[in-house]
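**Student:** Pasting in a structure now, in structure tokens, and then I'll have a few things to ask.
The values are calculated or read from the model by the stated rules, or taken from the named source; none is laboratory data. This structure is a prediction, so every number in the text was calculated from the model and none was measured. Heads up: the accessible areas ignore ligands, DNA and RNA and are worked out on the full protein's heavy atoms, side chains in. Shrake-Rupley method; radii C 1.70, N 1.55, O 1.52, S 1.80 Å.
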Amino acid sequence: MALSLVLSIVMAAMTAGCSAGSQRAVPEPLAFGVLGATCEPQRLAALRGAGVSIVELPVAWDRFEPRQGRVDGQYVAAVVAQLEQCRQARIKVILSPGLHYPPAWVRGLPGGELRGSKGGLPRGSGAELIFSSAVRKAAHRYLSRLVLRLGVDQGMENIAAIRVGTNSSGELGYPGPDDGGNEREFWAFGDAPQKGTGLAEGVALSPMPGWVPGSAVWNGRAVTGQQVHEWWDWYAGSAVEAVVWQVKALRSLGYQGRVHVPVAGRGVLPADKEKAVAGHLDGRANPDGAQERGLDYLAQFAVLSMVPGVDVDFTGLDDVSAAAARSTVPRQDRCSPGDEEKAVKEDVSSWSSQRYTSALARRAGLGLVGENPGPPDFPFTGGSSLSDSLAEQLRTAPGYAVDCGMTMFLFGFEENLFDDGEGGVTLDDYKEVIQQSH
């Protein structure tokens with residue numbers, strides 16, 4: 001069955017309130033962790049003493065396999081040592097395989113780079129896992145070596161989850177709308193999605209080859225709203241299909257634990273999508289570039305809900321949208337009972353991203369974890385002059401995690417807890433937050 005049809009069927013069921021996530025489960029105690037761990041023994045001991053029980057350990061594909069078919073044994077040994085150090089410290093690990101850090105040779109494979117609707121190439125390009133058969137084969141070989149070398153297929157007791165995503169930040173979706181140096185760039189215009197050349201197995205060809213969003217004409221005829229809907233379902237559906245492919249690949253290699261799918265923002269709101277389709281995706285009703293990123297969480301979470309063992313990882317607890325929603329009357333930043341139904345029936349344009357996206361995840365019956373965006377002056381956190389400081393994020397984000405029914409909060413980043421307070425926070429500050437939560 002074509003993925004666009006699957007999306008349409010599941011979306012109809014979701015709107016009718018048929019999701020398993022409509023009933024909120026009793027929340028588990030919140031576990032605390034950190035992002036960007038080093039697994040250095042002294043730091044692990046300090047983190048453990050503060051109440052941290054889990055860390056995210058990033059691995060980089062370009063360092064693991066710098067040349068095609070050649071594994072850097074020294075780097076692998078270092079990662080294995082990190083895992084062992086965490087195990088000895090009785091701290092669990094969320095493993096980030098780093099597919100969004102591909103070696104240069106991967107980008108040189110057929111279809112190895114995403115192509116934009118205006119001819120651009122994403123500046124921070126990750127592996128083109130969405131459409132390229134050659135890249136997927138290379139990624140599968142890498143994952144098989146990673147699982148084997150790290151012993152992940154042996155049911156390692158301290159591997160809590162593995163993170164999967166599709167864009168250059170390791171999150172669900174395509175690059176941002178200006179990541180290719182052009183304004184409003186969509187990212188499905190290589191030979192694979194447009195012509196079928198080198199298209200990954202099971203991935204659908206564009207339903208309107210050659211059509212560019214914003215155009216009212218295709219093949220000499222006026223484009224209908226139904227055609228735009230079908231194109232959008234294909235575009236957003238292809239992104240989530242690539243995530244599902246990664247989960248299935250890990251399962252086939254022997255890993256049976258939890259899988260985290262990082263997501264940012266709130267995606268395209270249903271009301272905005274209808275306006276956007278009416279305008280042929282010409283840029284209207286697109287406040288944060290979610291259209292170009294292919295983020296349709298209502299439909300995409302429904303697809304993820306059909307894959308066992310998946311948790312949504314919301315990466316922006318207390319992001320700039322939360323700061324704005326906190327100042328409205330009444331405030332709209334915090335998750336509340338009944339949000340699962342309100343999210344699809346009411347005007348949620350004033351809600352924070354965490355409130356809306358968490359509601360959709362719960363509605364779909366998905367597990368839910370979260371993290372703060374990190375220092376607002378970091379270029380990859382999406383911060384602005386309106387963002388909360390890192391210290392304020394530490395004070396506020398864990399409470400949001402509890403309100404939204406999350407089971408885990410990950411602080412970004414470990415380094416900021418050990419920089420002698422230069423970033424405005426210390427490990428003692430985090431320890432106090434953890435103690436207050438119990």
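**Student:** How long, wide and thick is region 46-86, going by the Cα atoms along their three principal axes, in whole angstroms, largest first?
**Tutor:** So the three principal-axis extents are 42, 14, 10 Å.
**Student:** How large, in Å, is region 259-413 by the Kirkwood hydrodynamic radius built from its alpha-carbon pairs?
**Tutor:** Computed over Cα pairs of region 259-413, the Kirkwood hydrodynamic radius comes out at 15.6 Å.
**Student:** Still on this structure, I have one more. Taking Cα centroids, how far is region 267-325 from region 130-163 in Å?
**Tutor:** 27
**Student:** When the accessible area of region 296-438 is computed with all protein chains present and a 1.4 Å probe, what percentage of it is carbon and sulfur?
**Tutor:** Working: 2850 of 5540 Å².
Carbon-and-sulfur percentage of accessible area, whole number: 52.
**Student:** Still on this structure, please answer the following. For region 242-324, what is the accessible area per residue in Å², given a 1.4 Å probe and the full set of protein chains? Numbers along the way, then the final one.
**Tutor:** Values: 2450 Å² over 83 residues.
On a per-residue basis, 30 Å².
**Student:** Which value in deg cm²/dmol, rounded to the nearest 500, describes the helix-derived mean residue ellipticity at 222 nm for the chain, given -39,500 (n - 2.57) per DSSP H run of n ≥ 4 and division by the residue count?
**Tutor:** Working: 17 runs with 173 residues, N = 438.
Calculated at 222 nm, the ellipticity per residue is -11500 deg cm²/dmol.
**Student:** In what order, largest first, do ARG141, ARG163, ARG355, ARG67 sit by accessible area if the probe radius is 1.4 Å?
**Tutor:** Numbers: ARG141 100, ARG163 40, ARG355 15, ARG67 150 Å².
Of ARG141, ARG163, ARG355, ARG67, the descending order of accessible area is ARG67, ARG141, ARG163, ARG355.
**Student:** Per residue, how many Å² of accessible area does region 192-234 show with a 1.4 Å probe? Working shown, then result.
**Tutor:** Numbers: 2210 Å² over 43 residues.
It amounts to 51 Å² per residue over region 192-234.
**Student:** First check a/c for region 65-111, with a ≥ b ≥ c the square roots of the eigenvalues of its C-alpha gyration tensor; if it is under 1.5, answer rounded, and if not, answer prolate when a/b is larger than b/c or oblate otherwise. Could you put the intermediate results ahead of the total?
**Tutor:** Details: a/c = 5.62, a/b = 2.15, b/c = 2.61.
Here region 65-111 falls in the oblate category.
**Student:** Give the carbon-plus-sulfur fraction of the accessible surface of region 159-294 in %, rounded to a whole number; probe 1.4 Å, heavy atoms of protein chains only. Could you put the intermediate results ahead of the total?
**Tutor:** Values: 2400 of 5030 Å².
Solvent-exposed carbon and sulfur of region 159-294 make up 48 percent of the total.
**Student:** With a ≥ b ≥ c taken as the square roots of the eigenvalues of the C-alpha gyration tensor of region 215-341, please select rounded if a/c is under 1.5 and otherwise prolate if a/b is larger than b/c or oblate if it is not? Please list the in-between numbers first.
**Tutor:** Working: a/c = 2.48, a/b = 1.11, b/c = 2.22.
Cα axes put region 215-341 in the oblate bin.
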